[in-house]
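Working notes, structure below.
The values are calculated or read from the model by the stated rules, or taken from the named source; none is laboratory data. None of these values were measured; they are calculated from a predicted model. Cβ placement follows ideal geometry from the backbone for every residue including glycine, while neighbour counts extend to all protein chains displayed. The accessibility values were calculated without ligands, DNA or RNA, using every heavy atom of the protein model including side chains. Shrake-Rupley method; radii C 1.70, N 1.55, O 1.52, S 1.80 Å.
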Amino acid sequence: LIDAANEFASYPGLQNDDSAKEFLSRYPLPVMISCLQSEEDVPGLEISLVSCLERVFKTNYGASLIPHYMSFVQVGLQATSQPVRCLACKVISYLLENVHLIILYPLLINCLTNGDELVAAASVDSIINLAKFPEGIEIIFPSLAFRCSSQARVRVLALIAKLFSISVDMASIVYNFNLLDLLVAEIQNTSDVLMTLSALELLYELAESPHGTQFLLRTSLLKLLTSVLRNTDADSILRSRAMIISGRLLTSVKSIVLAIDARLQDTDEYEIGLEALGRIGASTEGATLLLSPIARHLVKAAFHHKGRGKQLAALHALGDIVGGNQIELSSDSEECLRQLIYATAADTSKLTPSGMFLSVLQQEPEARLAAYRVISGLVGRSWFLLEIFSSNKIINRITDETNKRGMEARYDCCIAISKALSSSNLLNDPSVKETIAKLEEAIKRGPYLAKGEAQPIVVTAERF
């Protein structure tokens, strides 16, 4: 039996109904189930049978037999053997008829909260499968228990997150059953830092969902995140995670942005705060909110050398804010952006935006790559395009990039400048004719050829 089970389980292709029928004609299900329930310790028997039965029940023929052996499934969900419990959880996913769910579901939840990692994962898969049917939904959501250990609560929260991400309709059901409030409760309970951090990680997953913001903003999470950010006694890692989640979730909530801005005074959380502001500024509404005195710390950090990590984080965040994702910023936001750039430049030794950007382009490759992103986003503004061409040094520096990582960013930057030029009056200006020629030559080289590098020539092969 062990040899036959191993052969069936290790078959490299998919087992079909005929192969399942043939195997069960030699080793009937009652025989295999009886062997699994036997107390005799036969080395390798349990693992072989579990692997074999999993392949059997995946076939349509095998799944059709499951309703006749529900007692085995019920016993299997309560077995002391973790592999047997894992098999029983998976079997439920193979059911062709959603029968006996009321009896089985509490046992499935018990496997989720008390089984090992494999058993818990199998139970989650089965519950998600059941949630696809109206009968399953009616059983699943009213019965989600939450009075259990912290590890079990994390598993239940993870299940809620997975169900939420399936579809808008499923997210609506999760919301209507107030299951998001379980996340709120765990984040409010700051006595267990690991549990709170786990809840924040799951909240981050929900925020990444395409329909996450639609439902999360209806809860008290905004107020809660603001509270975490303002709590100076809270663990720094919790505030950092709250900042990132806020950056993903929020685009127009001023209280959160002000709270993040306040955290920029804390050295340990400076870079993560800049990243969060960049995420907010990647949308039109977020950029509009940030392009006010709130962004002064970010712009200042991008061009004042007070630590390489801080400057890089600020440059990338500024690249998000001025980039091409926004549809159109208001005239007030555009004017604020212009004033911030000029005021920051005036506060440096370079005095002008062109000098300030040239200084960054003369730094290490990582800083140049970030600067290319900012220039690509800003150059569509006529005032900044004039700054770029006020001196040929910036174009000379951009077109002379030799670092392989920066080649593509340099090329994108050149394309952005060329596109801005095509709709400006500078094309007819004789004073920048030579600079424009350098730009066009750099674009012709493409993203991966350095200045002066030989280009391959493709010719038709000569035939003898």
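Structure notes:
- Within region 203-226, the set of residues being open to solvent by 50 Å² or more (accessible area, probe 1.4 Å) and at pLDDT 80 or above comprises just one member, 205.
Conditions tested, residue by residue: (1) in contact with an Asp or Glu (Cβ under 9 Å, 6 or more places away or on another chain); (2) more than 15 Å from residue 300 (Cβ to Cβ); (3) assigned to a loop (DSSP other than H, G, I, E, B); (4) not assigned by the TED database to the domain that holds residue 441.
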residue	(1), (2), (3), (4)
341	yes, no, no, yes
344	no, no, no, yes
367	no, yes, no, no
371	no, yes, no, no
374	no, no, no, no
385	no, yes, no, no
390	no, yes, yes, no
395	no, yes, no, no
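- Selection count, region 324-351, where residues are open to solvent by 20 Å² or more (accessible area, probe 1.4 Å) and modelled with pLDDT of 75 or more: 16
- Residue in region 102-116 that is buried (at least 17 other Cβ atoms within 10 Å of the Cβ), at pLDDT 80 or above, within 21 Å of residue 197 (Cα to Cα) and among the hydrophobic types (A, V, I, L, M, F, W, C) present: yes
- So residue 200, is it closer than 21 Å to residue 155 by Cβ, in contact (Cβ under 8 Å) with a residue 24 or more places away in the chain and open to solvent by less than 60 Å² (accessible area, probe 1.4 Å): yes
- Filtered residues of region 1-41 (kept if open to solvent by 80 Å² or more (accessible area, probe 1.4 Å), under 44 Å from the mean Cα position of the chain (by Cα) and under 20 Å from residue 78 (Cβ atoms)): 37
- Of all residues making up region 188-204, the number that are over 20 Å from the mean Cα position of the chain (by Cα) and part of a helix (DSSP H, G or I): 4
- Per-region count, region 412-433, residues part of a helix (DSSP H, G or I) and either in contact with a helix residue (DSSP H, G or I) (Cβ under 7 Å, 6 or more places away or on another chain) or not assigned by the TED database to the domain that holds residue 369 (or both): 12
- Of the residues contained in region 441-458, one or more are found to be at pLDDT 80 or above, of a type outside the set (A, V, I, L, M) and more than 37 Å from the chain's Cα centre (by Cα).
- Residue that is least open to solvent (accessible area, probe 1.4 Å), among those in region 356-394 that are more than 24 Å from residue 331 (Cα to Cα) and of a type in the set (Lys, Arg): 368
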